[in-house]
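So the structure is just underneath, and the comments pick up after that.
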Amino acid sequence: MVEPAEGPSTAGQRLGAPESFGVSTLEPGLRPPAQPPGRLVSIRVQMLDDTQEVFQISQRSPGKVLFDLVCVHLNLTEGDYFGLEYQDQRKMMVWLDLLKPTLKQIRRPKNTILRFVVKFFPPDHTQLLEELTRYLFALQIKRDLACGNLICNDTSAALMVSHIIQSEIGDFDETQSWQHLLHNKYLPDQDAIRDKITDCHRKHVGQTPAESDYQLLEIARRLEMYGVRLHPAKDRDGTKLSLSVAHTGVLVFQGYTKINAFNWSKIRKLSFKRKRFLIKLRADPTNAHHDTLEFAMASRDCCKIFWKICVEYHAFFRLFEEPKPKPKPILFTRGSSFRFSGRTQKQIFDYVKDSEVKKVPFERKHSKVLSHSGMSPHSSSFRSQVLHLNTIPYPLLPSSLLSHSLFYSRPYLPPLSNFPFFLPPPPTGSPGSDDSPLGSPHVVVNGNGSANGQWVDDAGVLGPGQIPEGQQLSPLTSPLLTEAGYVRNEDEDEKYPTDKAYFIAKELLTTERTYLKDLQVVTESFQSSVGKDEAFPDSVQNLISANYDPVHKFHQGFLKEVEQRLAQWSGRSNAHIKGDYQRIGDVLLKNIQGLRQLTVHLQKHSECLVELERACKSSRKVETLCRDFEQQRVCYLPFNIFLLRPLHRLLHYKLILERLCKHYPPTHEDFRDCRAALADISEMVLQLQGCMMKMENFQKLLELKKDLTGIDNLAIRGREFIRLGCLSKLSGKGLQQRMFFLFSDSLVYTSRGTTPANQFKVHGQLPLYGMTIRESEEEWGVPHSFTLFGQRQSVVVAASCASEMERWVEDIKMAIDLAEQSSSPTSDLLFTSLPDNSKSLLEDGAGEQESEEELCGSRTSLERQGHRGNTTVHVCWHRNTSVSMVDFSVAVENQLSGNLLRKFKNSNGWQKLWVVFTNFSLFFYKSHQDDYPLASLPLLGYSVTVPSESENIHKDYVFKLHFKSHVYYFRSESEYTFERWMEVIRSATCSSSQSLPSTRKDLY
């Protein structure tokens, strides 16, 4: 910004243009900023009062020159609250970058009109110290009302319009006011509330334009949509949402309702990867997990635009001073060079406070009222009071990089993101933990120092020694990024030119082996065990055989081709001498095109699932046969999950191809085949996605039915499973552990029973229709408790921690909204299923009638249970946690197989095992040829970390799993496989649905 000139000034000096219309100065302005030499270009700028001004800038001048010209023209001291926006060649509204040359951003200046608008909306308009600034903000509110961007109720809208009219025409005159409303449009539906506007206008007698601006901003700042610019996005379920940024942090809207907010202090990192915008939150104090939220936007450009404004909002409201530019690297560019340019809000306060800026009168274009702009809306002491209240320094985040966490959780696969900017943890006054493998972070107060944290990406960890010498890191800087979009060492390509592609292809091989074994459970084990029995219907047997046998046969051939190619690639055969076999795209393209011919069979898999369930319901003998088969060791998962495997495998192919396309440069010989194969598999996934999501929900309802006793007809049309988990129910006997099951129409609570199958006994149901929820920690004195008010009863429950309570409350609120959108209350689940002597359980206080014998199951060791004791429901019961349907959907994508070396806490040697990760568990085999696992390890509740130096694990690529006193070490063969194992295990140990309420209502 241009500093004010010293001493008195003339009229010509204080004006930035020879003639001005609308918002302008009556006295001369500052001298225009110096411009670089070169041809002058005319740029048109539309002001907030709809007038247009033409400014002459050099063709090489940066955007800051044009912006300063506009501010000088307006004599605007607090210009940093504003910005210039325009529509680029992609028809998208973007902000003018003040550091880049203007003409490199605006390709056709003659046909482009820039708009001077408010960019940063402070929480309190009293922080705006100049009357001119408040007037311009009032014009922005007026524009937002007229465009329909500032959504509010009729009363607020009428009151704001009345203040606008008061500033324009003065005191109320019935004829004049009525005519003014007829000729001016302030609201899209203005006619409907015209009488309200005039009634409000009557009450503003004697109010000056400056006071009207003040009152207008006072009303506007209290609205939920104040300063909100919505950026369309979708969550993982495809639910349409909108993202926005404010002084407090990132906001999430559904329609025009704010459903979530993430404060800057809770955000660790914001980034984007292609069309996916990622919000990485800090670890919850109650557990060691990290959260990553992911939103899909329309394009990469949309992500980058929103990411940029987030960077600027954070810097403007949270930093003491403008971030310093980082030095230009010699060889590589490190991600985006974008940074905030301009004064921060703190700097504006200090400047206005320390400098005696002379107030200059200005004209109000639309106002017919004679107003002295130098008058304040209050007494002369108003400005000094505002300065006293608002120049208190804002709490500032130190500019250190996180060094206590090497890996970040992801809701689902992008490995890591482009152009990250790190938000460091709030200052604690203590150095980093001595136990940290990375040491203590280097805290830099003003964002202009280096840090010795480590960067993480697909290529692994970059230590302090790998940061170029002299490189400065701040909350707004980014790690070095290559053209492929991931961090790596400078010499990585020389050491391993194709290793990453090889290990991606090897992941395809290992997971294909597991997938073929899973298909054999359906086509061979099930058919030989159940299909041969005379009681099993031939129609169901033929239906399964006809639609799964061709898929099994196809993948047998596919696996052989992949095994042969990997053997050639790794040099285990002599075939590699005769040609270049260090690629996999051609094999994938050929087989995915062949797989498309099996689409008709894949579409029939849902029918197989339905017909099998129908046969079980119609015949107890068939149900017993299926139940007995699930007790066999070869059926290590619920059988219905195996029926879903072919559809899930399509997702795995898509994700593997995405990683290959990301890794290969466009000039690589394998890139074209991989991209073509990715297009084909994406089309198949899109075609079968609806069927797959319905099958997942139906399968989950069937699985839960086996874990519950006292409830029938759980899997009915329209019902969706949302969440299951452990909560403590408050009763006359105190807090008692209960298992809760949340569906789209009801909430069912149970206790651990003593049946041979370790089922959970249903004790009650709360219909969601008409239910309300309220936090009640202070009322009952129970931490993390909340009360559910149903139509027939109220229940007080408590979660194990604050984050667990937040997940339950958000999901229950979402389910209540879904239930109330239905035409009528849902019929009771339990009246037709509970025995007569159990109906009293639906009444208040009846849940306490269990005996001590029934509750003793909660103390049973997990290791001593039968085969069904290892289900997700039982694991949640023993580890006092919960999972949602979103978590199950994410787990579908995060499946992995391969060899790992395992070591126990107190053992010396490493044991080589074939490990399969699926369904939130690790399954251990001697080799990939084994038909059934030797053991399993459910991971819900576990933490995954890297061993510290004190643990004396002097091996590469080792990660540690620990839960209470249980500790396991696992060692992988390469950096890529190490990162993949960490990634998928984190998807199970960290709930992916912790922060945003998710819904599957779009599945039907």
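The values are calculated or read from the model by the stated rules, or taken from the named source; none is laboratory data. Remember, it's a predicted structure, so these values are computed and weren't measured experimentally. Cβ atoms come from the backbone with ideal geometry, glycine included; neighbour counts cover every protein chain shown. Areas reflect the complete protein model, heavy atoms only, side chains present, ligands, DNA and RNA absent. Shrake-Rupley method; radii C 1.70, N 1.55, O 1.52, S 1.80 Å.
Key figures
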quantity	calculated
Derived scalar couplings ³J(HN,Hα) [region 897-909; Karplus, 6.51 cos²θ - 1.76 cosθ + 1.60; whole Hz; x for Gly, Pro]	9, x, 7, 9, 9, 10, 9, 7, 4, 10, 9, 9, x
Among the listed pairs 700/813; 110/142; 532/621; 64/304; 275/500, those beyond 19 Å (Cα-Cα)	700/813; 110/142; 64/304; 275/500
Contour minus Cα-Cα distance for residue 620 and residue 712 (0.36 nm per residue)	31.7 nm
Semi-axes of the equivalent ellipsoid for region 737-789, Cα gyration tensor, largest first, Å	25, 16, 7
Surface accessible to a 1.4 Å probe, residue 949 within the full protein complex, Å²	130
Length added when fully stretched, residue 610-residue 174, from 0.36 nm per residue minus Cα-Cα	149.9 nm
Rg [Å, one decimal], Dmax [Å, integer] - region 204-255, C-alpha atoms	16.3, 55
Cα-based convex hull volume of region 685-773 per residue, rounded to whole Å³	126
Karplus-derived HN-Hα couplings along region 519-530 (A = 6.51, B = -1.76, C = 1.60, θ = phi - 60°), whole Hz, x at Gly and Pro	5, 5, 4, 7, 7, 10, 5, 5, 5, 6, 8, 9
Globularity ratio of region 95-141, using Cα Rg and 2.2 N^0.38 Å	1.51
Most to least packed among 69-81, 166-178, 211-223, 708-720 [average Cβ atoms within 10 Å]	69-81, 211-223, 166-178, 708-720
Stokes-Einstein translational diffusion, region 100-221 - Kirkwood Rh over all Cα pairs, 1.002 mPa s, 20 °C, in µm²/s	137
Directionally averaged projected area (convex hull, Cα atoms, region 180-285), nm²	10.8
Square roots of five times the Cα gyration tensor eigenvalues for region 626-669, Å	38, 9, 6
Simple label model, 7 Å out from Cα along Cβ direction - residue 298 to residue 962, nm	4.9
Spacing of the two label points (7 Å from each Cα toward its C-beta) at residue 672 and residue 907, in nm	5.0
Neighbourhood charge, 13 Å Cβ-Cβ cut-off, centred on residue 44 and excluding it, Lys, Arg +1 and Asp, Glu -1	+1
Per-peptide average of other Cβ atoms within 10 Å, ordering 229-236, 525-532, 270-277, 950-957 highest first	270-277, 229-236, 525-532, 950-957
For region 601-731, fraction of C-alpha pairs farther apart than 19 Å, in %	62
Efficiency of FRET between residue 99 and residue 363 - r from beta-carbon atoms, R0 30 angstrom, step 0.05	0.40
Extension gain (nm, one decimal) between residue 107 and residue 257, 0.36 nm per residue minus Cα-Cα	50.3 nm
Where labels lie 7 Å past Cα in the beta-carbon direction, separation of residue 321 and residue 793 in nm	6.5
Under the Karplus curve 6.51 cos²θ - 1.76 cosθ + 1.60, θ = phi - 60°, whole-Hz ³J(HN,Hα) for region 962-970, x wherever Gly or Pro sits	8, 9, 6, 8, 8, 10, 10, 10, 10
Once the Cα gyration tensor of region 663-717 is diagonalised, semi-axes √(5λ) in Å	43, 12, 5
Apportionment of accessible area to carbon and sulfur, region 118-272, percent (1.4 Å)	48
Share of carbon and sulfur in the accessible heavy-atom surface of region 901-980 [1.4 Å probe, %]	44
Region 864-993: radius of gyration over Cα atoms, expressed as a fraction of 2.2 N^0.38 Å	1.04
Interchain or long-range residues, amide H under 5 Å from residue 245's placed H	229, 251
